[in-house]
Amino acid sequence: MTYRNYEPGKDFGFAHVGLAVSDADRSARFYERVLGLTIGARRITDNLKIVNLHTGDLVIELLEYVPAPPVKREAGFFDHIAFTVPDLDAAVERLREQGVPFETEAPRQAVGHRLIFCAGPDGERIELMER
């Protein structure tokens, strides 16, 4: 397959990230109360409960399949969602106080930033990266 080069930002703009979860309401509460995102529109279709979350220009679309799909979706797998924070140590302390599990005990330096990974309600990987 041959790909044509397009002018950056001309044809495609970012809309949202869709994240499959087992319980959209539980996940929405986590992202709102623990990470401070704003809950937006909620929709229900024949087989899907959708909750939109907002932070800055980013929209995360929580997708709860009803009933749950028989096979876990693997193609196009996202490794993690990353959020920037002004004070990583304060963010880690606040999340630990709420029982959020972390992959490591302490942040590390990588790609020019201090960062650490924690887990969301369904075990999704969440990166916190200091601005």
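The values are calculated or read from the model by the stated rules, or taken from the named source; none is laboratory data. Keep in mind the model is a prediction, meaning the values are calculated, not measured. Ideal geometry is used to build each Cβ from the backbone, glycine not excepted, and the neighbour counts take in all protein chains shown.
Here's the yes/no breakdown for (1) surrounded by 15 or more Cβ atoms within 10 Å (Cβ to Cβ); (2) assigned to a loop (DSSP other than H, G, I, E, B); (3) in contact with a Ser or Thr (Cβ under 8 Å, 6 or more places away or on another chain); (4) without any contact (Cβ under 8 Å) to a residue 40 or more places away in the chain:
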{"residue": "R29", "(1), (2), (3), (4)": "no, no, no, yes"}
{"residue": "G36", "(1), (2), (3), (4)": "no, yes, yes, yes"}
{"residue": "G40", "(1), (2), (3), (4)": "no, no, no, yes"}
{"residue": "N52", "(1), (2), (3), (4)": "yes, no, no, yes"}
{"residue": "V59", "(1), (2), (3), (4)": "yes, no, no, no"}
{"residue": "F83", "(1), (2), (3), (4)": "yes, no, yes, no"}
{"residue": "A106", "(1), (2), (3), (4)": "no, yes, no, yes"}
{"residue": "C118", "(1), (2), (3), (4)": "yes, no, no, yes"}
- Within the stretch 62-79, restricting to residues that are closer than 15 Å to I126 by Cα and surrounded by 11 or more Cβ atoms within 10 Å (Cβ to Cβ), the one that is modelled with the lowest pLDDT is F78
- Query: Any residue at all in the stretch 64-75 that is under 12 Å from the mean Cα position of the chain (by Cα) and in contact (Cβ under 8 Å) with a residue 12 or more places away in the chain?
  - Reply: no
- Task: Considering only the stretch 90-104, state which residues are in contact (Cβ under 8 Å) with a residue 12 or more places away in the chain and not in a helix (DSSP H, G or I).
- Result: Q98, V100, P101, F102, E103, T104
- Query: Of D46, D57, D25, which residue is out of contact with any helix residue (DSSP H, G or I) (no Cβ under 6 Å at 6 or more places or on another chain), closer than 16 Å to G120 by Cα and not assigned by TED's automatic domain parsing to the domain that holds E130?
  - Reply: D25
